[in-house]
Amino acid sequence: MNDYVSPVGQGIPRLETRDKITGRAVYADDMSRPDMLVGVIVPSPHAHARITGYDVSAALALDGVAAVVTGVDIGDHKIGPFVKDETALAVGKVRYMGEPVAAVAAVDLETARQAARLIDISYEELPAVFDTDAATAADAPALHEGFADYIKVFEADSDRNAMAIIEIVEGDVDAAWERCAAIVEGSYETQAQCHTYMEPCSALAEIDSNGKITIWSSNQSVFHVQSFVADSLGLPMSKLRCVTPQVGGAFGGKMEQTVQPAAAALARATGRPVKVTLSREQDFEMIRSRHPGKVWMKTGAAADGTLLAREVRIVLDAGAYADDSPGVAGIAALFCRGPYRIENVSIESRPVYTNKLRSGAFRGFGGPQVAIAGETQIDEIADRLGMDPIDLRLKNVVLPGEEWMIGVALNKAGLSECLERVRAACGWDAKRKAVSNGSGRKRGIGLACIPHISGVLTSGAIVRILEDGTAVLNTGAVDNGQGSDTVLVQICAAALGLEVDQVSVATPDTDGSPYNWGTTASRVTYMAGRAVVAAAEDAVAQLKQRAAVMMECAEEDLELRDGGRIGIKGVPEAEIGFRDISGFSHWVAGGPVIGTNSLAYDGPDFDPKRGYLKGFPFGKIGAWIFAAQAVEVEVDEATGRIVPLKVWSAHDIGKAINPTAVEGQIQGGIVQGLGYALCEEMVWDSGRLANPSLMDYKIPGIMDVPPEIDTMLVEDPDEHGPFGAKGVGEPPIVGIAPAISNAVAHATGTRLRRLPMTPERVLRALRG
Amino acid sequence: MSEAIPISLTVNGRTHRLFVQPWHTLLQVLREQISLTGSKRGCNQGVCGACSVMIDGAVMRGCLTLAADAAGREIVTVEGLAVGGALSPVQQALLDHGAVQCGFCMPGMAVAATALLADNPSPSDAEIRDGLSGNLCRCSGYVKVVEAVRSASAGGAS
């Protein structure tokens with residue numbers, strides 16, 4: 001009797017769904033602790049100013065106020081994932097409007113807010129720069145006078161407010177232009193997009209009598225929280241325990257510090273638990289956004305459509321602090337060539353400081369800013385050469401077994417299949433031939449391709465077999481709602497031959513979980529998943545060792561059997577269940593079974609003989625993933641409104657561990673992509689964010705979504721991925737804007753080079 | 001500070017005798033005074049819908065309703081949808097269709113969908129979208145939410 005079905009490949013509901021739809025799921029702001037205080041952060045009213053004095057006496061005199069902390073109290077402890085250039089509360093200077101300057105803890109929110117208004121900080125205003133042109137002008141004020149002395153985790157040249165200059169050069173573009181039959185060139189501009197996770201940032205910190213602080217917070221990595229809070233307050237990491245309740249979305253916006261340092265500083269100052277939860281307005285103004293980008297690009301192809309050369313200059317508006325900017329600029333530089341064999345490239349990418357909100361990680365991580373340029377230029381080349389845009393792409397996309405960027409060998413690549421699947425599903429060939437006549441509403445269809453990674457940095461896993469033979473999995477990976485807890489349990493259960501409900505998943509906790517770099521870079525299924533498979537295999541090896549003693553046989557003669565049993569090969573009736581083995585190991589001999597694994601991404605390196613890479617801020621990256629997306633639109637020539645009618649999205653994912661979760665991730669990414677393409681834009685009036693509310697910053701609602709989104713999963717198992725799986729988190733957002741721009745060009749003959757493609761911009765473009 | 005107002009608040013069939021400040025919102029009182037933290041504060045200005053509750057059967061914003069104004073009325077929150085531990089049809093459908101990701105919008109979405117189907121047991125897809133147009137979700141893209149509500153409706157697939 002064996003009716004075991006492997007959990008891998010099953011579209012089971014996320015494990016915590018029942019809690020989430022009954023209101024029982026606990027998010028950070030749902031928590032409270034005995035004697036808890038409420039903390040409020042005081043933002044900078046200036047975009048660039050020197051702090052000349054503090055008077056906190058009136059705030060402290062207010063009944064119910066427990067403590068005020070400022071940059072003076074926490075000290076000049078700098079943090080930052082790439083450049084240590086900011087403090088958790090401003091020290092000496094403020095560099096954007098909304099920057100945390102002080103924090104106050106009081107008995108309730110009303111009192112804390114009243115106290116915040118009574119904190120009197122004096123400033124001396126400084127000249128400020130609000131875009132990258134002004135920030136790179138010869139007479140621009142330097143935002144960070146001490147930049148040269150900051151600690152950096154990578155080496156790159158810098159130039160005044162340009163914090164890094166990243167270069168990638170392969171072949172010889174100048175020589176290649178002469179061989180091109182078609183060359184296109186253009187400048188593109190993209191906007192700041194707000195993550196707009198539904199749950200505003202929140203943290204609760206509590207200190208014990210030994211000075212150890214526990215922090216529950218909304219985040220993407222408890223280990224990042226531990227690291228930046230330790231750095232920002234000058235504490236040893238062993239004095240911090242960081243835990244994660246449910247997270248209400250993140251999308252990159254909660255990867256680095258939010259309100260955890262302020263909550264911890266207030267807990268330390270008061271000796272009491274303190275919870276800090278941002279208002280939506282403060283979340284908009286204080287945390288981070290996607291980088292606004294300015295991209296100049298030139299692409300050339302031979303008469304037969306072979307792409308020969310691409311030259312790119314990328315300038316990203318990093319805002320006041322570096323945050324993940326060097327990383328984003330590096331990934332933009334890497335992927336601006338698209339998923340194509342192009343032998344001659346010359347790329348330069350610069351993140352530039354300005355006196356605005358810091359820009360940081362956001363789903364796509366540099367990809368969206370360059371995809372609008374790169375993927376629309378491919379269509380323009382196709383147009384010049386009289387080729388179909390999909391045919392042109394198929395001629396140039398990287399294929400399995402080929403080397404691509406900077407000499408990296410590609411074992412698997414399912415992009416051609418993605419393109420063919422989309423082409424067939426959307427009725428491409430017929431729709432591209434249809435020509436919109438007359439004026440009024442015109443239809444068009446466009447497409448874009450996306451490359452990304454899912455392998456980077458480090459992860460670990462611990463699989464413990466409990467006394468009754470069930471298991472608990474601990475990876476330290478934070479589930480932001482995308483479903484990684486469920487997927488990792490499916491992987492673990494499958495590797496152990498158990499059912500999903502026989503594997504429990506531990507809450508990420510820096511005191512007990514193995515290190516996981518973060519829920520970011522589309523990496524958890526691939527990286528943590530690999531660690532889970534290896535840790536489960538380690539547990540199985542230990543189970544076999546104990547079983548060999550019990551069954552008096554050699555370990556090599558034993559095999560893992562579905563349903564949680566170890567048996568002797570070739571002897572079906574000779575087997576013992578995990579429960580008996582685990583009882584033996586706990587109480588007789590061998591010791592509890594604890595399978596472990598830790599790994600760092602170990603794919604092939606770039607080949608320095610094949611290209612020149614300077615200032616690139618990552619070590620090994622890879623586990624490449626690909627996607628192709630098509631959008632059909634209707635353009636109203638009278639109003640300029642673009643209506644997306646249907647989206648097709650095919651993804652090279654290796655293997656879907658949970659097809660329902662993968663579909664959901666793709667659908668959600670597409671809708672964020674529609675927002676980026678059509679309506680979302682953070683707008684600054686000098687230094688002040690003009691639209692810090694969900695009323696004025698428009699994310700897609702249910703009425704803005706096309707009735708049909710067709711997701712296609714291309715499953716060609718990756719040789720290293722867990723059960724063949726790779727990542728999928730980021731690509732779905734990246735291709736939507738260029739696919740829509742291409743569709744609008746198909747419908748109207750007009751090319752849009754600026755995001756978002758709002759009705760007024762469309763109208764302006766249509767009227768020339 | 002003004003005098004706290006004594007009110008009697010009936011939530012999910014249970015009556016609570018409370019003192020509230022005149023400016024306290026229903027959302028604040030649910031979350032902070034009677035520990036019903038299912039209703040979420042996503043924007044506190046009536047846009048996101050994560051705080052949606054039913055008051056006398058109509059969907060209302062918990063963040064835009066004063067607690068004192070809700071006194072004496074029948075309030076249903078997400079915690080009141082599952083009766084006796086059994087998920088309601090809407091909740092079961094959201095679960096079965098994998099419509100839930102981070103879940104922060106879901107308490108409001110589930111309340112709005114429940115009210116929609118109570119009012120219109122067999123809505124068209126357009127009516128489903130219209131009924132949920134006051135609830136923002138940033139994870140799902142809404143596709144599986146519509147599928148779930150359609151299947152929970154009287155005309156839904158079995």
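The values are calculated or read from the model by the stated rules, or taken from the named source; none is laboratory data. These numbers were taken from a predicted model, which means no experiment stands behind them. All Cβ positions, glycine included, derive from the backbone under ideal geometry; neighbour counts span all protein chains shown.
Answer yes or no: is there a residue in the range B:101-116 that is in contact (Cβ under 8 Å) with a residue 24 or more places away in the chain and over 16 Å from the mean Cα position of the chain (by Cα).
yes
Just checking, which of B:A93, B:A71, B:A82 is among the aliphatic types (A, V, I, L, M), more than 9 Å from chain A (Cβ to nearest Cβ) and either on the phi > 0 side of the Ramachandran plot or surrounded by fewer than 23 Cβ atoms within 10 Å (Cβ to Cβ) (or both)?
B:A71
Restricting attention to the range A:714-734, which residues are aliphatic (A, V, I, L, M) and more than 14 Å from chain B (Cβ to nearest Cβ)?
Residues satisfying the conditions are A:V714, A:A725, A:V734.
Counting only residues that are in contact with a strand residue (DSSP E or B) (Cβ under 9 Å, 6 or more places away or on another chain) and under 29 Å from A:P732 (Cβ atoms), give me the strands (runs of 3 or more DSSP E) lying completely in the range A:524-631 with at least 2 of them.
It comes to A:594-600.
Pull up the range B:96-145, narrow it to residues that are within 8 Å of chain A (Cβ to nearest Cβ) and among the hydroxyl-bearing types (S, T, Y), then point me to the one that is nearest to A:A250 (Cα to Cα).
B:S140
Yes/no matrix, rows are residues, columns are (1) surrounded by 17 or more Cβ atoms within 10 Å (Cβ to Cβ); (2) outside the structural domain of A:Y340 (by TED's automatic domain parsing); (3) small (G, A, S):
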| position | (1), (2), (3) |
| --- | --- |
| A:G619 | no, no, yes |
| A:A623 | yes, no, yes |
| A:F626 | yes, no, no |
| A:H651 | yes, no, no |
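Just checking: which of the helices (runs of 4 or more DSSP H) contained wholly in the range A:694-768 hold 3 or more residues that are under 17 Å from A:L415 (Cβ atoms), modelled with pLDDT of 95 or more and touching a Phe, Trp or Tyr at 6+ places or on another chain (Cβ under 7 Å)?
Working: elements: A:731-734, A:736-748, A:759-766.
Helices (runs of 4 or more DSSP H) meeting the threshold: none at all.
Quick one: in the range A:6-23, which of the residues that are more than 7 Å from chain B (Cβ to nearest Cβ) and over 18 Å from A:P722 (Cβ atoms) is surrounded by the fewest Cβ atoms within 10 Å (Cβ to Cβ)? Can you show your working first?
Step one: list which residues in the range A:6-23 are more than 7 Å from chain B (Cβ to nearest Cβ), which gives A:6-10, A:12, A:15-16, A:19.
Next, only the ones that are over 18 Å from A:P722 (Cβ atoms) stay: A:16, A:19.
Working: A:E16: 19, A:D19: 16.
Filtering the range A:6-23 for residues that are more than 7 Å from chain B (Cβ to nearest Cβ) and over 18 Å from A:P722 (Cβ atoms), the one surrounded by the fewest Cβ atoms within 10 Å (Cβ to Cβ) comes out as A:D19.
Condition check ((1) crowded, with 16+ Cβ neighbours inside 10 Å; (2) out of contact with any Phe, Trp or Tyr (no Cβ under 7 Å at 6 or more places or on another chain)) across all residues:
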{"position": "A:P100", "(1), (2)": "yes, yes"}
{"position": "A:L118", "(1), (2)": "yes, yes"}
{"position": "A:L126", "(1), (2)": "yes, yes"}
{"position": "A:D131", "(1), (2)": "yes, yes"}
{"position": "A:A138", "(1), (2)": "no, yes"}
{"position": "A:K152", "(1), (2)": "yes, no"}
{"position": "A:E155", "(1), (2)": "no, yes"}
{"position": "A:I165", "(1), (2)": "yes, yes"}
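So if I check each of A:A318, A:A333, A:A361, which one is buried (at least 21 other Cβ atoms within 10 Å of the Cβ), touching a residue at least 40 places away in the same chain (Cβ under 8 Å) and in a loop (DSSP other than H, G, I, E, B)?
On inspection, the qualifying residue turns out to be A:A361.
Please go through (1) crowded, with 23+ Cβ neighbours inside 10 Å; (2) more than 14 Å from chain B (Cβ to nearest Cβ); (3) touching a Leu at 6+ places or on another chain (Cβ under 9 Å) for A:S44 and return the number of the only condition it doesn't satisfy.
Failed condition: (3).
So for the range A:636-658 (the condition being under 23 Å from the mean Cα position of the chain (by Cα), within 11 Å of chain B (Cβ to nearest Cβ) and closer than 21 Å to A:G252 by Cβ), does at least one residue qualify?
Looking through the range A:636-658, at least one residue is under 23 Å from the mean Cα position of the chain (by Cα), within 11 Å of chain B (Cβ to nearest Cβ) and closer than 21 Å to A:G252 by Cβ.
Can you confirm whether A:I381 is under 21 Å from A:E730 (Cβ atoms) and either among the polar types (S, T, N, Q) or not in a loop (DSSP other than H, G, I, E, B) (or both)?
The answer is no for A:I381.
Among the residues of the range A:669-703 satisfying the criterion of being farther than 24 Å from A:G483 by Cα and at the interface with chain B (Cβ under 9 Å from one of its Cβ atoms), which is surrounded by the most Cβ atoms within 10 Å (Cβ to Cβ)?
Among residues in the range A:669-703 that are farther than 24 Å from A:G483 by Cα and at the interface with chain B (Cβ under 9 Å from one of its Cβ atoms), the one surrounded by the most Cβ atoms within 10 Å (Cβ to Cβ) is A:L694.
Do any strands (runs of 3 or more DSSP E) lying entirely in the range A:162-217 carry at least 2 residues that are farther than 20 Å from A:I41 by Cα, away from chain B (no Cβ under 14 Å) and touching a strand residue (DSSP E or B) at 6+ places or on another chain (Cβ under 8 Å), and which ones are they?
Details: elements: A:162-170, A:182-190, A:202-207, A:213-217.
Where strands (runs of 3 or more DSSP E) fall fully within the range A:162-217 and carry at least 2 residues being farther than 20 Å from A:I41 by Cα, away from chain B (no Cβ under 14 Å) and touching a strand residue (DSSP E or B) at 6+ places or on another chain (Cβ under 8 Å), they are A:162-170, A:182-190.
Looking only at the range A:411-429, count how many residues are buried (at least 20 other Cβ atoms within 10 Å of the Cβ), over 14 Å from A:E632 (Cβ atoms) and not hydrophobic (A, V, I, L, M, F, W, C). Steps first, answer last, please.
The initial filter retains those residues of the range A:411-429 that are buried (at least 20 other Cβ atoms within 10 Å of the Cβ), namely A:412-415, A:418-419, A:421-423, A:426, A:428.
So of that shortlist, the ones also over 14 Å from A:E632 (Cβ atoms) come out as A:412-415, A:418-419, A:421.
Cutting the leftovers down to not hydrophobic (A, V, I, L, M, F, W, C) gives us A:412, A:414, A:421.
Number of matching residues: 3.
Among A:R50, A:R24, which is more than 30 Å from A:D108 (Cα to Cα) and modelled with pLDDT of 95 or more?
Testing whether each residue is more than 30 Å from A:D108 (Cα to Cα) and modelled with pLDDT of 95 or more leaves just A:R50.
Condition (residue is under 20 Å from A:D19 (Cβ atoms), within 14 Å of another protein chain (Cβ to nearest Cβ) and in contact (Cβ under 8 Å) with a residue 60 or more places away in the chain) applied to the range A:488-509: is it met by at least one residue?
Checking the range A:488-509: at least one residue is under 20 Å from A:D19 (Cβ atoms), within 14 Å of another protein chain (Cβ to nearest Cβ) and in contact (Cβ under 8 Å) with a residue 60 or more places away in the chain.
Please tell me if A:R288 is surrounded by fewer than 22 Cβ atoms within 10 Å (Cβ to Cβ), in contact with an Asp or Glu (Cβ under 8 Å, 6 or more places away or on another chain) and either within 14 Å of chain B (Cβ to nearest Cβ) or among the basic types (K, R) (or both).
It is false that A:R288 is surrounded by fewer than 22 Cβ atoms within 10 Å (Cβ to Cβ), in contact with an Asp or Glu (Cβ under 8 Å, 6 or more places away or on another chain) and either within 14 Å of chain B (Cβ to nearest Cβ) or among the basic types (K, R) (or both).
Going through the range A:635-649 one residue at a time, which ones are hydrophobic (A, V, I, L, M, F, W, C), part of a strand (DSSP E or B) and surrounded by fewer than 24 Cβ atoms within 10 Å (Cβ to Cβ)?
A:V643, A:L645
Any idea which residue in the range A:64-87 is surrounded by the fewest Cβ atoms within 10 Å (Cβ to Cβ), counting only those that are within 28 Å of A:P127 (Cβ to Cβ) and within 22 Å of the chain's Cα centre (by Cα)?
This residue is A:K84.
Does at least one position in the range A:670-689 carry a residue that is of a type outside the set (S, T, N, Q) and under 30 Å from A:N411 (Cα atoms)?
There is at least one residue in the range A:670-689 that is of a type outside the set (S, T, N, Q) and under 30 Å from A:N411 (Cα atoms).
Are there strands (runs of 3 or more DSSP E) fully within the range A:43-142 with at least 3 residues that are more than 24 Å from A:G360 (Cβ to Cβ) and touching an Asp or Glu at 6+ places or on another chain (Cβ under 6 Å)? List them.
Qualifying strands (runs of 3 or more DSSP E): A:49-55.
Across the range A:47-63, which residue is surrounded by the most Cβ atoms within 10 Å (Cβ to Cβ) among those that are within 19 Å of A:R95 (Cβ to Cβ) and hydrophobic (A, V, I, L, M, F, W, C)?
A:A47
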